[in-house]
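The values are calculated or read from the model by the stated rules, or taken from the named source; none is laboratory data. Just so you know, these numbers come straight off a predicted model, no measurement behind them. Reconstructed Cβ throughout: ideal geometry from the backbone, glycine too, with neighbour counts over all protein chains shown.
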Amino acid sequence: MGPTPAPVWSRICRQTPCAPYSRRTSLAGTTSAAGSSPSCARRGTDEIVQCSSVLGLVTLPWRGAYNSTKFALEGLSDTLRIEMAGTGIDVILIEPGPVTSKIRQNAIPHFERWIDWENSPRVEAYRAGLQKRLYQDNGPDKFELPASAVTKKLIHAVEARRPRARYYVTTPTYLMGVLKRLLPTRALDWVLRRS
């Protein structure tokens, strides 16, 4: 027990059940920065901005490690926002959906190292879906935006007099935010399985 900025986060990150690459990238660096929030308050810093994902709101199949780190980041940010109330520090989440990047190309060596898909009971599902999505370049995703769309939201958030707790980026993020509030879990699962 204790406030989130306590220096226990490096130990928590080591316990996160996901591939080391995703854990280090999505959670450990963020928790290290979160641990400096008392020094931010002393320096008069006004915002802690975390870049999460639409996959911190909802999950998609075949992305368990990424989904779990983004959900953890959402929980961390919500906790920090409550704990930092009254300090003058706003905790803000930027939640993009599909944004132009090399995430798939960068994921390939980790997929090949950590996933023994050929010996998986789900080998046919890997062949039918994930292999094509990971290795075939079909151009931009539907609704994909350039990274500048995230930058635009970031600038808006840090310049706002009273920033919101969350800033959605891309149509899928807005859509999933609405569906998560409106649909029962099983109905949302049905939608996500078909995404």
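Here are a few things to note about the model shown:
- Among the residues of region 86-136, those identified as surrounded by 11 or more Cβ atoms within 10 Å (Cβ to Cβ), of a type in the set (S, T, N, Q) and over 23 Å from T170 (Cα atoms) are T87, S120, Q131.
- R104, sole failed condition from (1) of a type outside the set (F, W, Y); (2) touching a Pro at 6+ places or on another chain (Cβ under 8 Å); (3) at pLDDT below 90: (2)
- Checked against (1) among the hydrophobic types (A, V, I, L, M, F, W, C); (2) closer than 21 Å to L188 by Cβ; (3) in a helix (DSSP H, G or I), A107 meets all criteria but (2).
- Here R164, R181 are screened, and the one residue that is touching a strand residue (DSSP E or B) at 6+ places or on another chain (Cβ under 9 Å) and charged (D, E, K, R) is R164.
- Some residue of region 61-78 being in contact with a Ser or Thr (Cβ under 9 Å, 6 or more places away or on another chain) and in a loop (DSSP other than H, G, I, E, B): yes
- Failed item in (1) β-branched (V, I, T); (2) closer than 23 Å to V58 by Cβ; (3) loosely packed, with under 12 Cβ neighbours inside 10 Å, with T79 passing the rest: (3)
- Index of the failed condition, D116 passing every other in (1) closer than 21 Å to A65 by Cβ; (2) under 23 Å from the mean Cα position of the chain (by Cα); (3) acidic (D, E): (2)
- R166 being closer than 17 Å to I48 by Cβ and exposed (fewer than 12 other Cβ atoms within 10 Å of the Cβ): no
- Filter result for G88 (in contact with a Gly (Cβ under 8 Å, 6 or more places away or on another chain), small (G, A, S) and not in a helix (DSSP H, G or I)): yes
- Qualifying helices (runs of 4 or more DSSP H) (wholly inside region 120-183; at least 2 residues being at pLDDT 95 or above and under 28 Å from H110 (Cβ atoms)): 147-159, 171-182
- In region 126-145, the residues that are free of Cβ contacts under 8 Å to residues at least 60 places away in the same chain form Cβ pairs under 7 Å with partners that are among the aromatic types (F, W, Y) and part of a helix (DSSP H, G or I), at six or more places apart or across chains, as follows: Y126/W117; L134/F111.
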